[in-house]
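Bear in mind that the values in this text are calculations on the coordinates, not laboratory data. Please read these numbers as outputs of a predicted model, since none were measured by experiment. When we count neighbours, we look across all protein chains shown, and the Cβ atoms used for this are built from the backbone with ideal geometry, even at glycine.
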Amino acid sequence: MKIGIAGTSTALLVLGGIGTYNIVHGLVSGSAGDDTSQAARGFDPSAVSSTPPSGAEAKKLARAFLDTWSQQHLDGAASDTDVPDAASQALRDYARGLHLKKLSFDHILDAGPSSVTQGATKVTFDVTARVAGGTWSYQSAVAVRKSTNGQLAVHWNNSVLYPGLGDGQSLTAGKLPPGSAGAKVVASDGRTDLSRFASLRDIAAAIGKNAKATGGSPGTGVAVVDGDGAGVETLKVFSKGRPATVRTTIDAGLQSAAERAVKDAHLQRKPAGTVALDWRNGHILAIAHTGDDGDIAINGIKSPGSTMKIVTAAALFDRAGLTPSSPAPCTDSLMANSQLFHNDSGVRADPGSSLAQAFTVSCNTSFIKDGFHYLVHDGDASALHDEAVNVFGLGSWSIGGGVATTDPSIPADVEGGDQAAQFIGQGKVTATPLVMASVAATVRNAGFEQPVVLPGQHQETAPRPLSARTAGYLQSMMRGVATSGTAAPRLGGLVGVGAKTGTAEEGDHTNGWLTAYNSRISVAALVEGGSSGVDSAGYVVRRLLTGG
């Protein structure tokens, strides 16, 4: 009966010369003359057989359903399903959203028992839809069920319209909606796509989803949209548009150098991460990493070792009134709060050492002795925390674009041996290359500028400025490290460079650190398993400082 009515309707359309408007109108309005219904057939959705219908049965019903749908009888097609009301509305939404002009089905095939719908037989088919903007073809399928009284029905869900279409989602054709193609995230040059860089793909994806894009023009095609009409996925492109862009602070040339640097042969494929900043304004110029544990450049939270001596020295200058020439005896070992500390191999004892000399050779015992004497009072060891947070800005801030970063930790309430270990970047002190690049930038800039990846983004400020006196002292000492100290094997001879190396113990291995600046950028690098800062991270930092 349904097939007969569908055939008559087709004849009327042909003989009457009814145009596209009436076809679509039929799709949206259904056919009042089609009185076939699921209830009349007697399918009982509350008593579904556990035995799937035969392939021939399923294919016959599926063909009838598809024929009725293609002939614009939406209520009639919906009556072949196990939930006619929901199916009828969904078929109308399909037609409206796609601005459907013509629909046909081909290669209708029995595919055996459904692996998704229990007690159903799967039938596959090809769909060709003429929609706003062009013709769209795709493969789809339905599951056919049988009730215990022997009647059949198509099991309805949104995936009947398009495979994988979720609840609350719908299809649209014509001008592609915002969000369906995503924004293009570019470097500061406005052209270079950040997704071309392996280290920035996740970062670019986050920025593309969260940052405001500008410009661009939409293309046309077919897309999945959510309940608010926002694009979820582009399924077919008829004409390409120009994507909106998000401009970042990334320097394409320096990023290329960073990608090469973390793969330097000297690192022997050890996990590495590096960040470069414009120290004048906090703009992030490069982020690169290797390894399988995520982006260690911005989330590799590790003890920063002796690079933290920059902050310790600043606290000694600001809080204790010391100068680079103040005494800082370097002994082979030192007991503090019942914990024995020692120096790295190669650091010779020097009882007459100054603070600047101890900084240059990275003597642990000098900084623990002075730190304990001048910065811990009546068990209160919060001075390093105060300097780090209030002068160097090491708090909880966002670089922008929804990019996740890990905050540093310099606890204010450390106890026991950690009161001494904090002064050499061990114990409970942790940071990332992003954070330590910011520390070096603060020294060179003589003030904190919060790192950001989006120009114009709000930047947090430090509660207290870095004094010109302290900045001058630190710049002088970091210059000494680069020219004649622990960083000299990698950085000696480079003009205007200041640096600080670090080697931090972690379990059964050490991690190598180095942070530095030149006249334009500040850089920090971490190499997990690096034997020392200069012989691991040093290679990475040199490449960025020299642009290679």
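Data for the structure
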{"quantity": "Antiparallel content of DSSP bridges confined to the range 184-247, in %, to 5", "calculated": "75"}
{"quantity": "Per-selection Kirkwood Rh - the range 362-470 (Cα, Å, 1 d.p.)", "calculated": "14.9"}
{"quantity": "Dipole of the chain, positive direction: furthest Cα of T172, S137, A471, with charges on the beta-carbon", "calculated": "S137"}
{"quantity": "Net charge contributed by nearby residues that have their C-beta within less than 9 Å of M478 (K/R +1, D/E -1)", "calculated": "+3"}
{"quantity": "Bridge type composition, the range 52-155 - antiparallel percent by DSSP, nearest 5", "calculated": "95"}
{"quantity": "Projected label distance in nm at S325 and S396, using a 7 Å step from Cα toward the beta-carbon", "calculated": "4.5"}
{"quantity": "Size of charge dipole - the chain - debye, nearest 20, with Cβ of Lys, Arg +1 and Asp, Glu -1, no other charges", "calculated": "1940"}
{"quantity": "Under Karplus coefficients 6.51, -1.76 and 1.60, residue-wise ³J(HN,Hα) of the range 99-109 in Hz, glycine/proline x", "calculated": "6, 5, 10, 7, 9, 9, 10, 8, 6, 7, 9"}
{"quantity": "Rotationally averaged projected area of the range 251-323 (alpha carbon convex hull; nm²)", "calculated": "6.8"}
{"quantity": "Coil-residue trypsin sites (Lys or Arg not before Pro) of the range 293-386, DSSP, other Cβ within 10 Å capped at 11", "calculated": "R348"}
{"quantity": "Cα convex hull of the chain - mean projected area over all directions, nm²", "calculated": "32.3"}
{"quantity": "Cα gyration tensor shape for the range 184-247, rounded if a/c is under 1.5, else prolate or oblate", "calculated": "prolate"}
{"quantity": "Contact order normalised by residue count of the chain, Cα under 8 Å, 6+ apart, percent", "calculated": "12"}
{"quantity": "Spin-label model distance (nm) - Q339 vs H509, 7 Å beyond Cα toward Cβ", "calculated": "2.3"}
{"quantity": "Positive minus negative residues near G166 (Lys, Arg vs Asp, Glu; Cβ under 12 Å)", "calculated": "-3"}
{"quantity": "DSSP bridge pairs, the chain: antiparallel proportion in percent, nearest 5", "calculated": "95"}
{"quantity": "Inter-part distance where the range 408-438 and the range 467-532 are each reduced to a Cα centre, Å", "calculated": "17"}
{"quantity": "Span-rule helices in the chain, defined as complete DSSP H runs reaching 18 Å or more along the axis (Cα) with Kyte mean at least 0.5", "calculated": "2-16"}
{"quantity": "Sequence of E460, E387, E506 once ranked by neighbouring C-beta atoms within 10 Å, starting from the fewest", "calculated": "E506, E460, E387"}
{"quantity": "Additional length obtainable on full extension of the chain from A111 to H458, 0.36 nm per residue less Cα span", "calculated": "119.2 nm"}
{"quantity": "Distance violations [Cα-Cα > 27 Å] among K102/K122; K59/K240; K102/K212", "calculated": "K59/K240; K102/K212"}
{"quantity": "Cβ-based exposure ranking for L176, L109, L103, in which fewest neighbours within 10 Å come first", "calculated": "L109, L103, L176"}
{"quantity": "Karplus-derived HN-Hα couplings along the range 189-194 (A = 6.51, B = -1.76, C = 1.60, θ = phi - 60°), whole Hz, x at Gly and Pro", "calculated": "6, x, 10, 6, 6, 5"}
{"quantity": "Ranked S536, S114, criterion: other C-beta atoms within 10 Å, fewest first", "calculated": "S114, S536"}
{"quantity": "Nearest-0.05 FRET efficiency for S239 and H266, computed from C-beta distance (R0 45 Å)", "calculated": "0.35"}
{"quantity": "MRE, 222 nm, helices only [DSSP H, n ≥ 4, -39500 (n - 2.57), over the chain, to nearest 500]", "calculated": "-9500 deg cm²/dmol"}
